[in-house]
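Student: I'd like to ask you about the structure that follows.
The values are calculated or read from the model by the stated rules, or taken from the named source; none is laboratory data. Worth saying up front: this structure is predicted, and the values here are computed from it rather than measured. Positions of Cβ are backbone-derived with ideal geometry, glycine not excepted, and every protein chain shown enters the neighbour counts.
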Ligand SMILES: [Fe+2]
Ligand SMILES: [Fe+2]
């Protein structure tokens with residue numbers, strides 16, 4: 001069963017789609033792929049943590065300790081798993097974009113970065129966390145630079161708040177730093 005999308009989440013997805021299209025166009029990417037990934041990225045975001053964890057275990061997905069403590073982090077990997085199981089999406093770029101949209105991934109395709117960045121600069125998120133405006137600014141010139149700016153902001157916030165470091169987010173941040181240095 002798929003959870004129904006609460007109106008707030010459906011509106012977020014609409015905003016991400018609306019942002020991802022122009023980003024893809026601006027950077028010369030495959031717009032259709034980008035839009036499909038944006039539309040699908042939060043398919044399972046409305047599932048409660050316990051359900052995400054149970055489904056991830058049933059599906060045999062690898063679960064790291066940070067995900068076990070914060071199962072919301074599994075909604076990307078599990079969403080991609082669901083899209084495959086239902087045979088709704090076969091395009092690997094779209095699936096990877098959905099799978100890792102919370103952390104990014106060192107091997108992400110440009111279309112996946114467009115979705116990642118669009119998700120982070122949803123105006124409602126920027127309103128709650130104004131520092132994200134810088135991510136939107138970087139996205140004009142480079143999606144990877146924008147993604148790195150987001151990951152740096154989030155890591156700094158995590159250190160301030162005492163959140164445990166999320167290994168994949170850290171790996172992505174290191175890879176982008178190296179690539180963009
Ligand atoms: Fe999400
Ligand atoms: Fe999202």
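Student: All but one of (1) under 13 Å from the mean Cα position of the chain (by Cα); (2) buried (at least 20 other Cβ atoms within 10 Å of the Cβ); (3) farther than 18 Å from residue 17 by Cβ hold for residue 75; which doesn't?
Tutor: (3)
Student: If only one of 11, 50, 32 is more than 15 Å from ligand 2 (Cβ to nearest atom), modelled with pLDDT of 95 or more, farther than 27 Å from residue 144 by Cβ and surrounded by fewer than 16 Cβ atoms within 10 Å (Cβ to Cβ), which one is it?
Tutor: Numbers: 11 fails: more than 15 Å from ligand 2 (Cβ to nearest atom); 32 fails: farther than 27 Å from residue 144 by Cβ.
Being more than 15 Å from ligand 2 (Cβ to nearest atom), modelled with pLDDT of 95 or more, farther than 27 Å from residue 144 by Cβ and surrounded by fewer than 16 Cβ atoms within 10 Å (Cβ to Cβ) holds for just one of 11, 50, 32, which is 50.
Student: Quick check on the stretch 82-113: of everything there that is in a helix (DSSP H, G or I) and either farther than 24 Å from residue 67 by Cα or at pLDDT below 95 (or both), which residue is nearest to ligand 2 (Cβ to nearest atom)?
Tutor: Taking the stretch 82-113 and keeping what is in a helix (DSSP H, G or I), we get 82-85, 92-99, 110-113.
Adding the requirement that they be either farther than 24 Å from residue 67 by Cα or at pLDDT below 95 (or both) leaves 110-111.
Numbers: 110: 19, 111: 16 Å.
Per the criteria, the residue is 111.
Student: Let me ask something additional. What do you reckon, is residue 156 free of Cβ contacts under 8 Å to residues at least 24 places away in the same chain, farther than 19 Å from residue 106 by Cα and surrounded by 12 or more Cβ atoms within 10 Å (Cβ to Cβ)? Steps first, please.
Tutor: Numbers: free of Cβ contacts under 8 Å to residues at least 24 places away in the same chain: yes; farther than 19 Å from residue 106 by Cα: yes; surrounded by 12 or more Cβ atoms within 10 Å (Cβ to Cβ): no.
Against the criterion (free of Cβ contacts under 8 Å to residues at least 24 places away in the same chain, farther than 19 Å from residue 106 by Cα and surrounded by 12 or more Cβ atoms within 10 Å (Cβ to Cβ)), residue 156 does not qualify.
Student: Only one of 60, 79 is closer than 23 Å to residue 171 by Cβ and within 12 Å of ligand 1 (Cβ to nearest atom); which? Can you show your working first?
Tutor: Numbers: 60 fails: within 12 Å of ligand 1 (Cβ to nearest atom).
From the options 60, 79, the qualifying one is 79.
Table: residues versus (1) surrounded by fewer than 24 Cβ atoms within 10 Å (Cβ to Cβ); (2) without any contact (Cβ under 8 Å) to a residue 24 or more places away in the chain; (3) farther than 17 Å from residue 172 by Cα.
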position: 94; (1), (2), (3): no, no, yes
position: 97; (1), (2), (3): no, no, no
position: 103; (1), (2), (3): yes, no, no
position: 109; (1), (2), (3): yes, yes, no
position: 117; (1), (2), (3): no, no, no
position: 122; (1), (2), (3): yes, no, yes
position: 126; (1), (2), (3): yes, yes, yes
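Student: Also, quick follow-up: Check whether at least one residue in the stretch 53-70 is in a helix (DSSP H, G or I), within 16 Å of ligand 2 (Cβ to nearest atom) and touching a helix residue (DSSP H, G or I) at 6+ places or on another chain (Cβ under 7 Å), and report yes or no.
Tutor: Keep residues of the stretch 53-70 that are in a helix (DSSP H, G or I), which gives 53-59, 65-69.
Still in the list and also within 16 Å of ligand 2 (Cβ to nearest atom): none.
Checking the stretch 53-70: not a single residue is in a helix (DSSP H, G or I), within 16 Å of ligand 2 (Cβ to nearest atom) and touching a helix residue (DSSP H, G or I) at 6+ places or on another chain (Cβ under 7 Å).
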